[in-house]
Amino acid sequence: RPRSTRTHGSRPAGMAVIARCIRLSVNHARVGAPGAAGRRFASAAAAAKPTSVAEALDLVNQHPVFVFAKSYCPHCHKAIKELGDVTNNAGVVGTMQLDNAGKLGQEVQAEIKAQFNHSTVPAVFVLGKFVGGASDVTAGIGSGSLTKTLKAAPELAHVWRA
């Protein structure tokens, strides 16, 4: 069959890919334990797709670990995997795929560059603070400093319980 007529379930293959991209455009994390300041993280049910740069950047404060990424970027995939591994894949890593967000994604990336002097993806935030890119995540996990920060966070206490 020609490629355009293949199906995935009840949808053409291309539609399945588009639907998956839309679902992945903002991946929300589980609700965390209250933080030292009483802060709770957003749940998937309470979260909405951001419509402005301010809303997109506020996602950083709603998730213990948040990554601005692009779906085709191998460095993004590596950083997200490493963060998932270090947090026992407990669903605390939130992501926003900037390439799937259209003009908003471009505006968010420009704002990250303006605020943090970081023009590439991934842009990783841990407990609301900018960490850097994939190499910074790898270095932080390798040295143990990022893991120590994550384990010390009251917001992530549920991740480390047996």
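The values are calculated or read from the model by the stated rules, or taken from the named source; none is laboratory data. As the structure is a prediction and not an experimental result, all values here were calculated from the model. Cβ placement follows ideal geometry from the backbone for every residue including glycine, while neighbour counts extend to all protein chains displayed. The area values use the complete protein model at the heavy-atom level, side chains included, leaving out ligands, DNA and RNA. Shrake-Rupley method; radii C 1.70, N 1.55, O 1.52, S 1.80 Å.
Students sometimes get this wrong: rank THR95, THR51 by accessible area, probe 1.4 Å, all chains present, largest first. Present the calculation step by step, with values, prior to reporting the outcome.
Numbers: THR95 10, THR51 110 Å².
I get THR51, THR95, largest accessible area first.
Report the FRET efficiency, 1/(1 + (r/R0)^6), for ALA139 and ALA110, where r is their Cβ-Cβ distance and R0 is 25 Å, rounded to 0.05. Write out the running numbers ahead of the final one.
On the way: r = 26 Å, r/R0 = 1.03.
Plugging the Cβ-Cβ distance into 1/(1 + (r/R0)^6) gives 0.45.
Collect residues whose amide H, placed 1.01 Å from N in the peptide plane, falls under 5 Å from the amide H of GLY132; neighbours closer than 5 in sequence don't count.
Excluding prolines and chain starts, which carry no amide H, the hits are VAL124.
Counting other Cβ atoms within 10 Å, which trypsin sites (Lys or Arg not before Pro) in the range 56-162 have at most 11 and lie in a DSSP loop? Intermediate results must be reported in sequence, preceding the final value.
Working: sites: LYS70, LYS78, LYS81, LYS103, LYS113, LYS129, LYS148, LYS151, ARG161; in loops: LYS70, ARG161.
Hits after loop and neighbour filter: ARG161.
From the backbone phi of the range 63-71, what are the Karplus-calculated ³J(HN,Hα) couplings (6.51 cos²θ - 1.76 cosθ + 1.60, θ = phi - 60°) in whole Hz, Gly and Pro given as x?
9, x, 10, 9, 10, 8, 9, 10, 4
Relative to the compact-globule scaling 2.2 N^0.38 Å, provide the ratio for the alpha-carbon radius of gyration of the range 52-162.
Details: Rg = 13.4 Å, N = 111, 2.2 N^0.38 = 13.2 Å.
The value comes to 1.01.
Under a cut-off of 16 Å between alpha-carbon atoms, report the lysines in cross-link reach of LYS148, not counting same-chain residues fewer than 8 places apart.
By straight Cα distance, LYS148 reaches LYS129.
Would you kindly compute the Cα radius of gyration of the range 95-148 and its largest Cα-Cα separation (Dmax), both in Å?
Reported Rg and Dmax, both Å: 12.2, 37.
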